[in-house]
Structures are given as C-alpha cells and as structure tokens.
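Reading through the structure tokens given below for one structure.
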Amino acid sequence: MRNGIWKKGFVAVAFFSFAFVAVSRSGPIAHHVAGLQPDPAAAILEGPSGGVDPAKLDPQRRALYERIAKEAERLRLEPIDAKEDPVWKAIPGLNGREVDVDATFAAASNSDGKEPIPFVFREIPAKVTLDDLRPLPIYKGNPRKPMASLMINVAWKEENLPGMLKTLREEKVKATFFFLGSWLKTHPEEARRIAAEGHELANHAYWHKTPLSQLSDEAVRKEILDTQKLLKETVGVEATLFAPPSGDFDADTVKVAHELGLRTILWSLDTIDWKEPPPESIVRKVAARLEPGSLILMHPTNSASGALRGMIQEAKRQGLTLGTVSETISPNPVAAVETKTGF
C-alpha cells in the first residue's frame, strides 16, 4: 500500500497586480515630444552596440530617451522561479518584464506628443520552470499572477452542462473540463460540444471506483492511457493535464502521470458542490477565499450551475482574469492589461 493523499493547508498570500502593457499620462515625457516632427531616421541613431546612442540625439530627444530609461528602472519586474513548497508542492514560476527602451523611444518619437507614451515591454523568462522540478502535483498558480481557473470534473449530471456552457459563453470565460474516461465513452456528443466552445479538455482517469493510490502503477497507467486514447479519438485532443478522481493520489501516481506527459492537477478552492448547497452559499465561499492563482474545483451539479455566473462576476470584481488551468499555471504574465503610469 502506498501513502495516501497529501493534505492541503492554508497559506495566506498577498495580492500583487501584474500589468503586461502600460502607457503613461501626458506629462513631462510627453512635453519633450511635443512639437517634434515624426522622424524615425533622426530618432534611431545607432551606437556601437546597434542600439540608440543618446549622445547622437538632439537635446530634446536625448532628454526624452533618458527619461524613458529612468522610468524603465521603476517599471522593471523581476521573474519569479518555479519552486517546491512543503504544503502546495509545485508552485509555478512567473516571467518578469522590462521596458524595451529603444522601441519605446521610437514609438514616443513618432507620437508627436499627442498620445501618452506607449511603453513597449518584453518578457524576462524565469530561470526555473515547472519542467525543472521533480514530479509534483500542482494546487495553484503563482500568487503574483492575477488569474484563476474553473476546473470542472465531469463524471455525471451532464444535464447541467448546457446551462453552464451558456453562462461561460455569455461571460466570455474558458474553463478546463476534466473528463472521466467511462463518462466520455458514453457521452461523446456532449464532449464535442464542450470542445466546440473552445474550452480546455483534460484527463480525469477512467473509473471513479478504487482510489488510484491503492492501484498498481500498471493499473494507474492503464486508466490514464485509456482516457487519453478516448480524448484523442473523440475530440482530437492530446491532454496535458490530469486530475485524479476524488483528489486521491500518491507520489507514484504523480510519477506515472509525469512519465505519460501529464501534469497532476489538484485544487486550492473546493466548492463542494456535490453536496448541492444553495448556489448563493457557493458564491459567498468563493468570494471569501478567492485569490490569485486559485484553481476552483467544480462539477456539473445544479448548485454549481446556479452559482457559476456569480462566481465569475466575483472573480472579475476582485480584478482576476479567469483562464484555463494551463493558462493559470503557465509562466506567462496576464496579457493586454493596460494601466496608467505617471512621473
């Protein structure tokens, strides 16, 4: 008999917003651009290294360039490496960002001072990613990334799926659906409908019977592979995520999934919707416990269906983007978030 389920604990994390695209208010920098005619050839005067050489710029443009360079120091965000945590196991890393000073200078020089300075950013890759860690389960995304995910384990109650899909469509949210193989085999059309909506599809093993921690490695491998085969044949998907039924697993389960190219996904916030609580109680629970990186466990129950819109709206109210599990645990920052930055 192998060890049973790892226990989750509560860890308080601070919320830090992560903006990927930023622009400044019209201010001192815009003043340096005002009155200058767009002139890319004059603006981009190369130095020995191939970048802009401030010494070759006229005084006004040099002041603009130096001001952008100074602001770039303040706007730089260092990357965060993936790491192992004694409670949360594998914590994904997060890429940093830095201002591309030359590209920003070129854009600002061509704006003729009429628009806010369009800062151009580029990512700084984290040095350590999930791929560099040993096989471990993932319970949450990086706490510095303002994104959360709805993970919907599908094994029964498919009659509630149309309503949930309608809500997700109207709210413009993509979720991750983990299919139990035995359900997928008998409900291919429902699975195809979910796939057609653009949601992420993943592996939930084949049976919801004997806990995986009590099975041999060979039996666990068969459950995962049988569902992988069905996902490929039914919806044309090569799943990369695996959620063990009932959250039951041990180190060997994770290792087998890893050998098959799948990350083992658990959750940090459980709706316990299978007990069919009032939808409003689920919304209150999510509102109180939601945080950046949350992976929210759900099923296609009546309660979850009734609570879904409220959960989504609460996440948006708290400034979180809802994405798929793969998006949430990726090192990529949340894109296309625009903030104003002054001087």
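Assorted remarks:
- Listed cross-link partners Lys70/Lys127; Lys56/Lys127; Lys275/Lys316; Lys70/Lys174 are compared with a 32 Å cut-off, the Cα-Cα value being larger for Lys56/Lys127; Lys70/Lys174.
- Per residue value of the accessible surface for segment 225-282 (all protein chains in place, 1.4 Å probe), Å²: 42
- Rounded if a/c under 1.5, otherwise prolate or oblate - segment 106-214, Cα gyration tensor axes: oblate
- Scanning residues 5 or more positions from Gly96 or on other chains, those with amide H under 5 Å from its amide H are Ile80, Ile124, Ala126, with H placed 1.01 Å from N in the peptide plane.
- Amide H contacts under 5 Å for Ile117: Ser24, restricted to partners 5 or more places along the chain or on a different chain, H placed in the peptide plane at 1.01 Å from N.
- Here's the list of aspartates and glutamates a cross-link from Lys145 could span, going by alpha-carbon distance under 12 Å and ignoring same-chain residues fewer than 8 apart: Glu291, Glu327.
- For segment 233-243, Karplus couplings with θ = phi - 60° (6.51, -1.76, 1.60), whole Hz, Gly/Pro x: 6, 8, 10, x, 10, 9, 5, 10, 10, 9, 10
- Percent accessible area from carbon and sulfur atoms, segment 149-243, protein chains only, probe 1.4 Å: 52
- Distance between segment 306-334 and segment 168-209 - C-alpha centres, whole angstrom: 18
- Applying both filters, DSSP loop and at most 16 other Cβ atoms within 10 Å, to the GluC sites (Glu not before Pro) of segment 229-300 gives Glu238.
- Cα gyration tensor, segment 241-343 - rounded (a/c under 1.5), prolate or oblate: oblate
The values are calculated or read from the model by the stated rules, or taken from the named source; none is laboratory data. This is a predicted model, so every value here is computed, not measured. Using ideal geometry, Cβ is built from the backbone for each residue, glycine included, and neighbour counts are taken over all protein chains shown. Ligands, DNA and RNA are excluded from the accessible area calculation, which covers all protein heavy atoms including side chains. Shrake-Rupley method; radii C 1.70, N 1.55, O 1.52, S 1.80 Å.
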